[in-house]
Amino acid sequence: MFTGIVEELGEVVGITPTAQDSATVAVRGPLVTSDARHGDSIAVNGVCLTVVEVDGGVFTADVMGETLRRTALGALRAGDPVNLERAAALNSRLGGHLVQGHVDGVGEVLSREPAPRWETVRFRLPATLSKYVVEKGSITVDGVSLTVAEVGADWFSVGLIPTTLSLTTLGGRTVGDPVNLETDVLAKYVERLLTARSTGSGVPA
């Protein structure tokens, strides 16, 4: 479990294809690797990955073909910056919101509108996810916990403060770039419970 508060802007060192449509990714992140061990979880652009090895500030992780196809990780190349966050500790503050690191879909940057102290960014939203996104609710974009400013049938917008623009990959995203999206897990649980109630079954089909 994560909070969507990016700890470090890391860098992809390399991506090595492996058998069965999978890959091994190596990421440089001195902060997140400072206490990382084999088996630990680190979110890379919002995708929860399991540490396989740590060596000199670089960690490697295996990425399945399913993850490469269903997230924007498949588009990463060596040298690309990535948002990094270690799994949340039970004694830490919850600065963002509950984030699983399980990407629901891939969105796309539609527009950017700079302002003196912030920037409004609009993203394309897959139709299957629109029901989970509400104005003033939470959404995770490339691992960053954000508050939804506006939402439409197939888009939503957020306001990015200077800290987010300078310390995460969102500051460098351009129109057309893909982004990983994770909606608020609470909305999905509520939907499941309401469906069960309306059908009269304990567990919805």
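From the list 145, 130, 157, 138, which one is touching a Lys or Arg at 6+ places or on another chain (Cβ under 7 Å), touching a residue at least 24 places away in the same chain (Cβ under 8 Å) and either among the small types (Gly, Ala, Ser) or within 30 Å of residue 22 (Cα to Cα) (or both)?
Values: 145 fails: touching a Lys or Arg at 6+ places or on another chain (Cβ under 7 Å); 130 fails: touching a Lys or Arg at 6+ places or on another chain (Cβ under 7 Å); 138 fails: touching a Lys or Arg at 6+ places or on another chain (Cβ under 7 Å).
Result of the check over 145, 130, 157, 138: 157.
Answer yes or no: is there a residue in the stretch 62-71 that is of a type outside the set (Asp, Glu), part of a helix (DSSP H, G or I) and in contact with a strand residue (DSSP E or B) (Cβ under 6 Å, 6 or more places away or on another chain).
First pass over the stretch 62-71, keeping only residues of a type outside the set (Asp, Glu): 63-65, 67-71.
The next check asks that each one be part of a helix (DSSP H, G or I); those that pass are 65, 67-70.
In the following step, the residues that additionally are in contact with a strand residue (DSSP E or B) (Cβ under 6 Å, 6 or more places away or on another chain) were identified as 65.
The answer is yes; a qualifying residue exists.
Could you please tell me which pairs satisfy a Cβ distance under 7 Å, a separation of 6+ or placement on different chains, a first residue in the stretch 44-57 that is of a type in the set (S, T, N, Q), and a second residue that is part of a strand (DSSP E or B)?
45/82; 45/83; 45/180; 50/41; 50/61
From 51, 25, which residue is surrounded by 15 or more Cβ atoms within 10 Å (Cβ to Cβ) and within 21 Å of residue 106 (Cα to Cα)?
Only one candidate passes the filter, namely 25.
So if I check each of 109, 103, which one is outside any strand (DSSP E or B), out of contact with any Pro (no Cβ under 6 Å at 6 or more places or on another chain) and in contact (Cβ under 8 Å) with a residue 40 or more places away in the chain? Walk me through how you get there before you give the answer.
Values: 109 fails: outside any strand (DSSP E or B).
After ruling out the rest, the residue left standing is 103.
Give all pairs with beta carbons closer than 6 Å in which a residue from the stretch 14-25 that is part of a strand (DSSP E or B) meets a residue that is among the acidic types (Asp, Glu) and open to solvent by 80 Å² or more (accessible area, probe 1.4 Å); count only pairs at least 6 apart in sequence or on separate chains.
If the second residue must be among the acidic types (Asp, Glu) and open to solvent by 80 Å² or more (accessible area, probe 1.4 Å), the pairs left are 24/62.
Counting just the residues of the stretch 114-148 that are of a type in the set (Ser, Thr, Tyr) and part of a helix (DSSP H, G or I), which one comes out most open to solvent (accessible area, probe 1.4 Å)?
128
With the checklist (1) in contact with a helix residue (DSSP H, G or I) (Cβ under 8 Å, 6 or more places away or on another chain); (2) farther than 19 Å from residue 167 by Cα; (3) exposed (fewer than 11 other Cβ atoms within 10 Å of the Cβ) in hand, flag the one item residue 104 doesn't pass.
(3)
Of all residues in the stretch 160-202 being closer than 27 Å to residue 67 by Cα and in a loop (DSSP other than H, G, I, E, B), which is modelled with the lowest pLDDT?
Top of the filtered list is 184.
Determine which single condition residue 46 fails, assuming it passes every other condition in (1) open to solvent by 20 Å² or more (accessible area, probe 1.4 Å); (2) at positive phi.
Here residue 46 meets the rest and fails (1).
Filter the stretch 54-70 for residues that are closer than 16 Å to residue 17 by Cβ and open to solvent by less than 20 Å² (accessible area, probe 1.4 Å) and give the result.
Selection gives 61, 63, 65.
The values are calculated or read from the model by the stated rules, or taken from the named source; none is laboratory data. Bear in mind the structure is a predicted one, so any value in this text is a computation, not a measurement. Cβ atoms come from the backbone with ideal geometry, glycine included; neighbour counts cover every protein chain shown. For accessibility, only protein heavy atoms count, side chains too; no ligands or nucleic acids. Shrake-Rupley method; radii C 1.70, N 1.55, O 1.52, S 1.80 Å.
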